[in-house]
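Take a look at the structure below.
The values are calculated or read from the model by the stated rules, or taken from the named source; none is laboratory data. Every value quoted in this text rests on a predicted model; they were computed, and no experiment measured them. Reconstructed Cβ throughout: ideal geometry from the backbone, glycine too, with neighbour counts over all protein chains shown. With ligands, DNA and RNA removed, areas are computed over all heavy atoms of the protein, side chains included. Shrake-Rupley method; radii C 1.70, N 1.55, O 1.52, S 1.80 Å.
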Amino acid sequence: QVQLVESGGGLVTPGGSLRLSCTTSGILFSSNIMGWYRRTPGKEREFVAFSSSGGATNYADFAKGRFTISRDNGRNTVYLQMNGLEPEDTAVYYCYTTILSTYWGQGTQVTVSS
């Protein structure tokens with residue numbers, strides 16, 4: 001059974017930082033694409049970043065220069081370091097993994113507010 005469990009969300013003031021974690025089980029982590037999406041109320045789910053099994057990364061334009069995705073294959077965990085957070089980054093952040101099929105975590109709330 002594939003499971004993805006996110007953590008690290010919370011309330012942060014503008015300009016602050018958070019690091020999201022997503023720990024997985026039931027997959028061959030090192031072989032999978034790992035990534036993050038987010039959903040804001042009233043908006044479509046939007047891509048944030050992904051990390052390929054080979055270490056390549058890709059970011060949404062809004063994430064470039066502020067967010068960093070990384071992975072620890074030994075811990076079966078992918079991270080999303082978010083710096084310079086803005087109120088517009090407020091969303092539920094979802095971890096996903098893809099190899100043949102796509103699986104999602106339950107999401108973690110990030111709120112950026114003064």
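Looking at segment 73-105, which of its residues are assigned to a strand (DSSP E or B), farther than 16 Å from Gly8 by Cα and without any contact (Cβ under 8 Å) to a residue 60 or more places away in the chain? If the condition is that a residue be assigned to a strand (DSSP E or B), farther than 16 Å from Gly8 by Cα and without any contact (Cβ under 8 Å) to a residue 60 or more places away in the chain, then Ser101, Thr102 are the ones that fit. For segment 16-37, the candidate set comprises residues that are open to solvent by less than 50 Å² (accessible area, probe 1.4 Å) and of a type in the set (A, V, I, L, M); within that set, the residue that is nearest to the chain's Cα centre (by Cα) is Leu20. The residues of segment 1-56 that are touching a Leu at 6+ places or on another chain (Cβ under 9 Å), of a type in the set (Val, Ile, Thr) and not in a strand (DSSP E or B), listed by number, are Thr13, Ile27.
Residues that are β-branched (Val, Ile, Thr) and either in contact with a Pro (Cβ under 9 Å, 6 or more places away or on another chain) or surrounded by fewer than 19 Cβ atoms within 10 Å (Cβ to Cβ) (or both) within segment 93-110 comprise Thr98, Ile99, Thr102, listed in sequence order.
Residues of segment 77-114 that are closer than 25 Å to Gln1 by Cα, polar (S, T, N, Q) and more than 14 Å from the chain's Cα centre (by Cα): Ser101, Thr102.
Determine, yes or no, whether Ser113 is touching a residue at least 12 places away in the same chain (Cβ under 8 Å) and either of a type outside the set (Phe, Trp, Tyr) or surrounded by 12 or more Cβ atoms within 10 Å (Cβ to Cβ) (or both). When the stated conditions are applied, Ser113 passes them.
Taking the condition open to solvent by 50 Å² or more (accessible area, probe 1.4 Å), in contact with a Phe, Trp or Tyr (Cβ under 6 Å, 6 or more places away or on another chain) and among the charged types (D, E, K, R), does Arg75 pass? Give the steps one after another, and end with the answer.
Working: open to solvent by 50 Å² or more (accessible area, probe 1.4 Å): yes; in contact with a Phe, Trp or Tyr (Cβ under 6 Å, 6 or more places away or on another chain): no; among the charged types (D, E, K, R): yes.
Answer is no for this residue.
Per-residue answers, yes or no, for (1) of a type in the set (Gly, Ala, Ser); (2) closer than 25 Å to Pro87 by Cβ; (3) exposed (fewer than 13 other Cβ atoms within 10 Å of the Cβ):
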{"position": "Arg39", "(1), (2), (3)": "no, yes, no"}
{"position": "Lys43", "(1), (2), (3)": "no, yes, yes"}
{"position": "Tyr59", "(1), (2), (3)": "no, yes, no"}
{"position": "Gly65", "(1), (2), (3)": "yes, yes, yes"}
